[in-house]
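Here the structure comes first, spelled out in structure tokens, and everything after it is commentary.
Just so it is clear, none of the values below were taken in a lab; they were calculated from the coordinates. Computed from a prediction, not measured in an experiment: that's the story for all the values here. Neighbour counts run over all protein chains shown; Cβ positions are idealised from the backbone, glycine included.
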Amino acid sequence: MKRFAVLLLGLLLLGCAHVGQPPAGAEEAVFHDALFVPPQDMPRADELFALSPAMRRYLAERIEPQVRRKGPQRALIDALYTEGELKLEYDSVRTRTAAEAFDARQGNCLSLVIMTAAIAQELGLNVRFQQVLGLPAVERNGDFTFVVGHVNLALRSGLLQTRAGLAEQNWLIVDFMPGQDLPRQRTLQLDERRIRAMFMNNRAAEELAQGRVNQAYWWLRGAWAQDRSFVNLYNTLGVIYRHHGALAEAEQALRLADRLDPGNSHVAGNLAGVLALQGRQAEAARLAALQPVPDAAPRLVQARQALDEGQVKKALLMLQGELGLTPRNHELHHWLAVAAARMGDNARARRHLELAVQYSSRNASAEQHALYAGKLQRLKEQLQAH
């Protein structure tokens, strides 16, 4: 069987149970800079929340005039969500800084959270970063499996006094993922250091997926400088070493990740792969048994059930939410095309079928790829006929 390297993007902590702290000195000992060519410019996170001149103009011209009438929270929310304003789009292909997300008008949930936090802080709002707990999405891209979690943020403009004279915090949650049940979300508060480490870990994973192992390593070095207690980065480091051919160093990094978060199946799976490459098959087999990686997110299964029941709008909402996490999932694009066709939106159906064909050329069977291509051709012929 082909073994996938499992990368846990910075949007996901390694489990909800207690995660240990790295022993003093142990975390830096797993870094071996001499194996990689130093870049001309080291990756940095100090510009992560910086506002560009375009952002400052937008803030002065479009948001601040509304603050006196609506308050800073509502003025910002309206700018983010109201048609004709920012019109943000979800895109999880690349993790962006605040300025990059603003310029592109798109990003994954971490990028959009960073951009929103930067503007909110400029407005004087208090910002709380939150990890949304629950089952993560799983996406395969070539040799890599990405386990992708979700973050959002909460904003507060001040304190409300309760009758008992106690200060009650009035937080407004901002979440860019469609279909989220905000009142029922379970969240874990994160500090800004963790957000910076998540950003740089994501960049490392994205560079690695593009085959740029050297760049990936230095992005990860930057993540460690931000928050050395972020266990994900040691998992990513192990995957980087493996693809660099440094198997002993890969094992060292993954052993540390395993000690910090015992029983994490994704770390165990990566470690099993490294042991197998070293010829230690018995050890690898024991660890491989701890690596259950689901092939489809529950939301995709639920969406297909809703389609079967004729609840097309409900299915479309679920599918769009999943798209924010796994934009390269060929099966997801196929079902988005089905839902769009049932809504009478043939242009959108065609677009999603084209993406299904594109992504299935790498990650699906020849039969699936041919099925999507056939459906796309029939849809094109149908549109041409009209």
Amide H of His150: which non-local residues (sequence gap of 5 or more, or other chain) have their own amide H closer than 5 Å, using H built in the peptide plane?
Val132
Quick query: amide H of Ile173 versus all other amide H atoms, modeled in the peptide plane; which residues come in under 5 Å with a sequence gap of 5 or more or a different chain?
Leu155
Subtracting the Cα-Cα distance of Ile173 and Gln358 from 0.36 nm times their residue separation yields 63.0 nm
J(HN,Hα) series, region 347-359, from Karplus relation 6.51 cos²θ - 1.76 cosθ + 1.60, nearest Hz, glycine and proline x:
5, 5, 4, 4, 4, 6, 5, 4, 5, 4, 5, 4, 7
Based on the Cβ-Cβ distance of Ala370 and Val312, what FRET efficiency does E = 1/(1 + (r/R0)^6) give at R0 = 25 Å, to the nearest 0.05?
0.45
Hey, rough spin-label estimate for Val37 and Leu247, points 7 angstrom out along Cα→Cβ, what's it come to in nanometres?
2.6 nm
Taking the Cα centre of region 169-277 as origin and charging only Cβ (+1 Lys, Arg; -1 Asp, Glu), how large is the dipole, in debye to the nearest 20?
120 debye
Please list, in order along region 46-56, the HN-Hα scalar couplings obtained from phi with the Karplus expression 6.51 cos²θ - 1.76 cosθ + 1.60 (θ = phi - 60°), rounded to whole Hz, x for Gly and Pro.
6, 9, 4, 9, 5, 8, 7, x, 5, 5, 5
